[in-house]
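> Here you go, one structure.
Where a number appears in this text, it was derived from the coordinates with a stated rule and is not lab data. Keep in mind that what you see is a predicted model, and the values were worked out from it rather than measured. Cβ atoms come from the backbone with ideal geometry, glycine included; neighbour counts cover every protein chain shown.
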Amino acid sequence: MADAVNPAAPKEGFVARALKGHAALGLLTGALLYLVCLSGALAVFQQDLQRWEEPGAAEMTSISPAAVQRAIEGTLERQGKATDHAYVHMPTRGLPRTVVTTDNGANYVDAQGNYDRPEAHAWTQFVLYLHYYLNLPAFWGIMVTGALGAMLVAAVVTGVLAHPRIFRDAFRMRLRAQPQLARADLHNRFGVWLLPFIAALGFTGAVIGLGQLVFYTAAQERHGGNLEEAFAPIFGEHPLHDPAPAPVARADRALEWMAQNHPDLFVSYVTIEETATAGQQISVLAEHPRRLIYGENYLFDGKGNFKKTLGLADGALGQQAAASVYKLHFGTYGGIPVELAYLVFGLALCAIISTGTTLWLMKRRARGLPSPRLEAVWAVTIWGSPILMTGAYWLRVVAGPQLPFAALFWSALVLATILAALRPALAPSPTLRRVLAAMLALTGIGHVIFAGPLPMGSLLIDAALCLGALALVGPEALHLRRRERAGQAHLAAQS
Amino acid sequence: MASAFLLSTGFVLSAGGPVLLRMGWNGPRPAVALGWAALGFALVLTLTAGGAWGLAVGATLASLVALGLLAVAALRSPAPARARAPREPAARRAPRPSLPDIARRTGIFLIVALADLVASLAFGWGAQRLAWLSGMAEADALIVGLFALPLCWALLASWQLTRIRITDMLLAALGVAIAGGLPWLTL
């Protein structure tokens, strides 16, 4: 980009220009992209994290249709307010709990459908909203994250153009070499082998984020500005509005129909639209095995009579493609192995983003143009943001779920960034990394001790936190030990 | 049954492709050709026997195996013979950015972040309108627009960032916007 900025500079080749474009994209979007990718890597296990955050709620591997009906009716009665929508999250592998959500709140129920406790996964939700919206208002937030998705694809394209030797060096990984070379290898090797993943992630993220704009234009063009009508060809029509009061829709009958007619499908969600009115409609979301679509919606009337399917599984190609974007983005199409792979890939992408800007800073330093303030700000972004995310979890434990975690996180991050810019020596990168490692280890150990008897999934998360801490300080400890030994050997040789 | 066999074969080839490439890297060259062939066959098999799902699982598997090979390479990489602090040149003062310099940088940002978005939206809008008017189902036409917008933005930005002159960047954005606007204005 420097060429475009300074056309008087000597002419550079295409590769050099692509490299500068790639660097410019990284510098422009790196910090926000890092936050989105870090929270996205965690979001893969969002259900497991919710279970980890809120131990003790009633759990079950399945729930009967009658209990679901009791859960919906009981929740509506308890809340005592009208609601347009009522949702039931059915027990899944990651979250083996039943959650009833309405416009007025959400609560867990037990296996009989009786009220258990309010849903209060405020920290998990904060992490999710950081990924979806960067904690901004929903419309603008999803636009920004969608734009970041498009820029990630652009970074992939310029990255490939800028590195003609990228395949020739495909397996060179000199992590123990000099810092700049080690980082360059990590950046380039991860980048090339995760290219399909990064491109798919960026593209699907951009489709999800920027899609609203296309629906807006279609609404203006063909539906008199009605956005719901523009969504309908893909995601289905809203049921006809008939506000006359009616008994709560018979989700139990709909679920019994599903069990009789599609015993092979896994029901993950039940939605009632226009709840407790004559126009209400039940939608049962069933996952289809070995498909990328997030599921097929089976639609029923208020009495639980089957009407039709939406067509996400076998309808227009456009419906199937749109429904396939989400699982591909969140890595939920192949059970735990793929989810673990997505966690690894997501963290690797964070490393790519981190090393990209670090390399730029190192090259500046090597040219005699060090930027200690920028280096400190970047260190705060890379290590400070996960420290603050972990700190937010501790706040959640100590002060409860009602705290404004997003506001606190962003305020602390801005403050830390300003401090780093003013006093770059205050918290250098290795110190921040050690602090993060300590916090991860303490979180894992503390959770095991204080959160009570835990299911295997939550214990594994605690173990992963401790392993993460080890991975952060392990190489440094090994390096120090090796240097100590070398020093001792040197002394022995001299004596 | 045949489909399951083809899919399994596709997955095995997905995992084997990077291993063969690694064997051929700095080694026997035929292994490289075999590695690419394995990945090519894996792509065809997973796509035909498992659809988009099969392709996604196969790609995940290939990337995972490749990362494993990189981890092995990282563990085997030799440490430098003697730890030497990199020589750092004396710090010099960076030239202060001039006003025209800042203006140009801001201009490039506005072109890539805003003008390109508007141009790509026009392109996506035009593409879906063209698809709709050519008789496609509305869901299919919408997906054309949904996919065209981010793809167009990413490619446009990539191309512009390899340009020298800012006018080339502007013209590219304008060209894309006009290409998208034509179906809207004329049909």
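> Under a plain spin-label model, where a point goes 7 Å from the Cα along Cα-to-Cβ, how far apart in nm are A:Ala66 and A:Arg485?
6.8 nm
> According to a simple spin-label model (label point 7 Å from Cα along Cα-to-Cβ), what is the distance in nm between B:Phe109 and B:Val12?
Spacing of the two 7 Å Cα→Cβ label points: 5.5 nm.
> Using Cα-only point scatterers and the Debye equation, what is log10 of I(q)/I(0) for the protein assembly as shown at each q in 0.11 Å⁻¹, rounded to two decimals?
The Cα Debye sum returns log10 ratios of -1.33.
> Let me ask you something else. Assigning unit charges at the beta carbon (Lys, Arg +1; Asp, Glu -1) and nothing else, what dipole magnitude in debye, to the nearest 20, does the range B:100-186 show about its Cα centre?
In debye, rounded to 20, the range B:100-186 gives about 280.
> Need the full-extension length gain, A:Lys307 to A:Val414, defined as separation in residues times 0.36 nm minus the C-alpha distance. One decimal, nm.
Working: separation 107, 0.36 × 107 = 38.52 nm, distance 5.24 nm.
So the chain would gain 33.3 nm between A:Lys307 and A:Val414.
> On to the next question. Relative contact order of chain A: what whole-number percent is it, with Cα pairs under 8 angstrom and at least 6 residues apart?
For chain A, the relative contact order is 15 percent.
> Report the Cα centroid-to-centroid distance between the range A:30-92 and the range B:115-173 in angstrom, as an integer.
A separation of 37 Å, based on Cα centres.
> For chain B, what are the DSSP H helices with axial Cα length of 30 Å or more and mean Kyte-Doolittle hydropathy of at least -0.5?
B:2-24, B:29-76, B:138-160
> Give, rounded to the nearest 20 debye, the magnitude of the charge dipole that the protein assembly as shown has about its Cα centre when Lys and Arg contribute +1 at Cβ and Asp and Glu contribute -1 at Cβ.
Dipole size: approximately 4300 debye.
> Using the Kyte-Doolittle scale, which helices in chain A average at least 1.6 and also have C-alpha atoms spread 18 Å or more along the helix axis, with helices defined as whole DSSP H runs? Mind dumping the intermediate values first?
Working: long enough: A:14-43 (38 Å, 1.48); A:65-79 (21 Å, -0.52); A:138-162 (35 Å, 2.02); A:179-193 (21 Å, -0.49); A:195-222 (37 Å, 1.04); A:317-330 (21 Å, 0.24); A:335-366 (45 Å, 1.09); A:385-399 (20 Å, 1.05); A:405-422 (25 Å, 2.32); A:429-450 (31 Å, 1.18); A:456-494 (54 Å, 0.45).
Length and hydropathy pass: A:138-162, A:405-422.
> Would you mind classifying the range B:8-133 by shape? Square roots of the alpha carbon gyration tensor eigenvalues, ordered a ≥ b ≥ c; an a/c under 1.5 is rounded, otherwise it is prolate if a/b is larger than b/c and oblate if not.
Numbers: a/c = 3.73, a/b = 1.14, b/c = 3.29.
Since a/c reaches 1.5 but b/c is at least a/b, the shape of the range B:8-133 is classed as oblate.
> If you filter the range B:11-106 for trypsin sites (Lys or Arg not before Pro), then keep DSSP loop positions with at most 14 other Cβ within 10 Å, what is left?
On the way: sites: B:Arg22, B:Arg76, B:Arg82, B:Arg84, B:Arg87, B:Arg92, B:Arg93, B:Arg104, B:Arg105; in loops: B:Arg82, B:Arg84, B:Arg87, B:Arg92, B:Arg93.
Passing sites in the range B:11-106 are B:Arg82, B:Arg84, B:Arg87, B:Arg92, B:Arg93.
> For the range A:311-361, which semi-axes, largest first and in whole Å, follow from the square roots of 5 times the eigenvalues of its Cα gyration tensor? Don't jump to the answer; show the numbers that get you there.
Values: eigenvalues 211, 44, 4 Å².
After scaling each eigenvalue by five and taking roots: 32, 15, 4 Å.
> Just want the answer: with Cβ charges of +1 for Lys and Arg and -1 for Asp and Glu, which residue in A:Pro96, A:Ala259, B:Leu34 is farthest toward the dipole's positive end in the protein assembly as shown?
Of A:Pro96, A:Ala259, B:Leu34, it is B:Leu34.
> How do A:Cys350, A:Cys466, B:Cys152 line up, fewest other C-beta atoms within 10 Å first? Spell out each step's value before the answer.
On the way: A:Cys350 20, A:Cys466 17, B:Cys152 23.
Going from sparsest to densest Cβ surroundings: A:Cys466, A:Cys350, B:Cys152.
> For the range A:353-495, what is the Kirkwood estimate of the hydrodynamic radius, computed as the reciprocal of the mean inverse distance between distinct Cα atoms, to one decimal in Å? Before the final figure, lay out each step's value.
Details: mean 1/r = 0.0566 Å⁻¹.
Result for the range A:353-495 stands at 17.7 Å.
> Also, I was wondering about something else. Given a Förster distance of 25 Å, report the FRET efficiency between B:Ala4 and A:Glu256 from their Cβ-Cβ distance, rounded to the nearest 0.05.
Working: r = 32 Å, r/R0 = 1.26.
Here the calculated transfer efficiency is 0.20.
> Straight-line reach only, C-alpha to C-alpha below 13 angstrom: list the aspartates and glutamates that A:Lys363 could link to, leaving out same-chain residues fewer than 8 apart.
A:Glu375, B:Glu88
> What aspartates and glutamates does A:Lys20 reach when the alpha-carbon gap must be under 15 Å and sequence neighbours fewer than 8 apart in one chain are set aside?
A:Asp3, A:Glu12
> Going by the alpha-carbon gyration tensor, a ≥ b ≥ c the square roots of its eigenvalues, is the range A:116-254 rounded (a/c under 1.5) or, if a/c is not under 1.5, prolate (a/b greater than b/c) versus oblate?
Numbers: a/c = 3.15, a/b = 2.02, b/c = 1.56.
Prolate.
> I'd like the trypsin sites (Lys or Arg not before Pro) in the range A:218-284 restricted to DSSP loop residues with at most 15 other Cβ atoms within 10 Å, sorted by number. Working shown, then result.
Values: sites: A:Arg222, A:Arg250, A:Arg253; in loops: A:Arg250.
Loop-located and lightly packed - none at all.
> Still on this model: Would you list, by chain and number, the aspartates and glutamates whose Cα falls below 15 Å from the Cα of A:Lys307, excluding same-chain residues fewer than 8 positions away?
Those aspartates and glutamates meeting the cut-off are A:Glu237, A:Glu256, A:Glu273, A:Glu296.
> Fewest first, what order do B:Asp116, A:Asp264 take by the number of other Cβ atoms within 10 Å? Present the calculation step by step, with values, prior to reporting the outcome.
Details: B:Asp116 27, A:Asp264 7.
Ascending number of Cβ neighbours within 10 Å: A:Asp264, B:Asp116.
> Moving on to the next point. What's the magnitude of the charge dipole for the range B:1-129 around its Cα centre, counting Lys and Arg as +1 and Asp and Glu as -1 at the beta-carbon? Answer in Debye, nearest 20. Intermediate values should be presented prior to the final figure.
Details: 12 positive and 3 negative charges, 165 e Å.
Dipole size: approximately 800 debye.
> Arrange A:Phe409, A:Phe171 by Cβ neighbour counts within 10 Å, fewest through most, would you? Don't skip to the answer; put the middle values down first.
Details: A:Phe409 21, A:Phe171 17.
Ranking A:Phe409, A:Phe171 by Cβ neighbours within 10 Å, fewest first, gives A:Phe171, A:Phe409.
> Run through all the Cα pairs of the range B:100-186 and give the fraction in each 5 Å bin from 0, expressed as whole percent.
The calculated distribution, bin by bin, is 3, 17, 24, 20, 14, 10, 6, 4, 2, 1, 0.
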